[in-house]
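**Student:** Just passing along the structure, written as structure tokens.
Bear in mind that the values in this text are calculations on the coordinates, not laboratory data. It should be emphasised that the depicted structure is a prediction, and the values quoted were computed from it without experimental measurement. Cβ atoms come from the backbone with ideal geometry, glycine included; neighbour counts cover every protein chain shown.
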Amino acid sequence: MVVALLAQTVGVALAGFGSQTPNGGNRVTAASDFRPPVVTAAAVGKAVGGATGFVKQGGGYYVYANVAADTGNPASGIAAVTADLRNLTTGAGAVTLVAGTYSAGGIAYGYRSAVQTANPVLAEGAKAFTVTAADVASNADSANGSASVDNTLPLATDVQTTNAGASGLAEQGDTLRLTFSEPIEPQSIQASWNGASTNVVVRLVDAALLGLGADAVQIYNAANSAPLPLGEIQLGRSDYIGVGLSGNVRFGASGTPSTMAFTGNTLVVTLGTYGSIVVVDPSRATAGGTGTMTWAPVATPYDRAQNQLSTAAATESGAADRDF
């Protein structure tokens, strides 16, 4: 009797432990991708390169962007990066950006559009644009940016010299300072130049060679083989070069190089070692009095929006003085 009762009790207990009840709360699954890819940077820059943030009416430009990796769990992947550029180009509401390796204004970007063309008539001022990144799961993130429309030609506004030694005598350490009305793209003066100090050769040219009434300054590349597109600076006097055969003297062609560098809107050219060829060249001389320089620029340099430099001449400001 006792044995039978014990067997019956054990059977009931085993039956209780043997039952299975589903519990959905114990299931472990991956969450869907609900996180958008984040746009971390966006910029507009003219198609010729250089500084970003500026365009001109009718000018070509790119839009650039950086997008962080998709962090969904699991990540569905970036499906598209697009830009709304309608404030710059009519109809450009969803311009596609292509993944790649790009650089603009000294910054690396992972996405860039094809070349866009700004409207032929576009008022100056800030214009907003938007870059949007979307993933395969249709999550999207946007970043707003702004580009300045600039349609105004830059101007040559002043020309000055500073003296490192004898007044009126061009020599090593003297400087020539060319000032513009706004920042100029260094690369428009010399290919791949970023505006930092770089070597050049400065030529002082005799008035007799120029067929003019004043000696002049010209700036050549470091190889002394071609003039840079900075025009010519007439010194207002014809006695910075001594009497002799017409020609030029050079600063920085040998020995210590001449240099040029941008400081804000001003190009500072510093003279290097003086040199001339005996008999063939005249020699430098000390100017006998004061004069006023005139800078005749050329149209090759351009500003951050690619507006070409005006060719209007600039006259040295201040009272007449001895230059160099």
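**Student:** Hey, quick one: spin label on Val136, modelled 7 Å out along Cα-Cβ, who in segment 50-85 has an amide N within reach, i.e. under 14 Å?
**Tutor:** 70-80
**Student:** Here's something else I'd like to know. If the chain between Ala79 and Ala226 were fully stretched, how many nm would it gain, using 0.36 nm times the residue separation less the Cα-Cα distance?
**Tutor:** 47.9 nm
**Student:** While we're looking at this one, here's another question. What is the fewest-to-most order of Ile233, Ile219, Ile277 by other Cβ atoms lying within 10 Å of their Cβ?
**Tutor:** Ile277, Ile219, Ile233
**Student:** Separation between the Ser317 and Ala126 pseudo-spin-labels, each 7 Å from Cα along Cα→Cβ, expressed in nm?
**Tutor:** 2.8
**Student:** Also: For the pair Ser103 and Thr117, how long in nm is the line joining their label points, each one 7 Å along Cα→Cβ?
**Tutor:** Between Ser103 and Thr117, the simple spin-label model gives 3.0 nm.
**Student:** So between Ser310 and Ser148, what do we pick up on full extension, going 0.36 nm a residue minus the alpha carbon distance?
**Tutor:** 56.3 nm
**Student:** Out of these labelled values of log10 I(q)/I(0) by the Debye sum over Cα atoms at q = 0.07, 0.11, 0.12 Å⁻¹, (i) -0.32, -0.77, -0.90; (ii) -0.28, -0.71, -0.85; (iii) -0.46, -0.79, -0.86, which was calculated from the coordinates shown here?
**Tutor:** Matching entry in (i) -0.32, -0.77, -0.90; (ii) -0.28, -0.71, -0.85; (iii) -0.46, -0.79, -0.86: (iii).
**Student:** Angle between the Cα long axis of helix 2-18 and the longest principal axis of the chain, 0 to 90 degrees, nearest 10?
**Tutor:** 30
**Student:** Please work out how much length the chain gains when fully extended from Ala164 to Asn265, using 0.36 nm per residue of separation minus the C-alpha to C-alpha distance, in nm with one decimal.
**Tutor:** 34.1 nm
**Student:** Determine one quarter of the surface area of the Cα convex hull of segment 85-125, which equals its mean projected area, and express it in nm² to one decimal.
**Tutor:** 3.7
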